[in-house]
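Undergrad: Before I ask anything, let me first share the structure, which is written out below as structure tokens.
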Amino acid sequence: EHDTGQKNHEALSLGILTKNQIAATALTVPVSFVLAFLPMLSAFNRTIERAASITYSQQISYLLEKPEFAGFTAARIFPILLNVILIAFAFYFSYKKKGIKA
């Protein structure tokens, strides 16, 4: 086994639930693709837009479309904050359950 100095280290966020870096990449890349493409796909389909409206990437897309202060409404900021809080809790509980072995 080739040791790169990162043996037994796990990727953080979603990857913390996996055994190694390769498995973490296999898990996070498809999720990242979906989240990255949701704003683009929502431009073509209202059902996708409604489903994507709760995601961080869609809300950032909305804010980038209208960068003036008027775009920064509670309806735009709340889902972003909610996503950050949910991800922080998910990371906390995943880390507490599994930890990182040095």
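The values are calculated or read from the model by the stated rules, or taken from the named source; none is laboratory data. Just so it is clear, the structure is predicted and the values come from calculations on it, not from any experiment. Note: ideal-geometry Cβ built from the backbone for every residue, glycine included; neighbour counts use all protein chains shown. What goes into the accessible areas is simple: the full protein's heavy atoms, side chains included, and nothing from ligands, DNA or RNA. Shrake-Rupley method; radii C 1.70, N 1.55, O 1.52, S 1.80 Å.
Undergrad: In region 45-68, how many residues are open to solvent by 70 Å² or more (accessible area, probe 1.4 Å), among the hydroxyl-bearing types (Ser, Thr, Tyr) and either in contact with a Ser or Thr (Cβ under 7 Å, 6 or more places away or on another chain) or over 19 Å from Phe33 (Cβ atoms) (or both)?
TA: Matching residues across region 45-68 total 1.
Undergrad: Then there's this: Can you go through Phe37, Phe33 and tell me which one is farther than 24 Å from Ala75 by Cα and among the aromatic types (Phe, Trp, Tyr)?
TA: Answer to the check: Phe33.
Undergrad: Let me ask you something else. Which pairs do you get when a residue that is within 17 Å of Ala43 (Cβ to Cβ), found in region 59-85, comes within reach of a residue that is modelled with pLDDT under 80, reach meaning Cβ atoms under 7 angstrom, with the pair 6+ apart or on two chains?
TA: Correct list of pairs: Gln59/Arg76; Tyr62/Gly71; Tyr62/Arg76; Leu63/Gly71; Leu63/Phe72; Leu63/Arg76.
Undergrad: Of the numbered conditions (1) modelled with pLDDT under 85; (2) open to solvent by less than 60 Å² (accessible area, probe 1.4 Å), Ser42 fails exactly one; give the number of that condition.
TA: (1) is the only condition that Ser42 fails.
Undergrad: Also, I was wondering about something else. Residue under question is Arg76, and the condition is that it be in contact with a helix residue (DSSP H, G or I) (Cβ under 7 Å, 6 or more places away or on another chain) and among the basic types (Lys, Arg); does it hold?
TA: yes
Undergrad: Can you pull out every residue in region 40-64 that is among the polar types (S, T, N, Q), over 19 Å from Ile77 (Cβ atoms) and not in a loop (DSSP other than H, G, I, E, B)?
TA: Thr47
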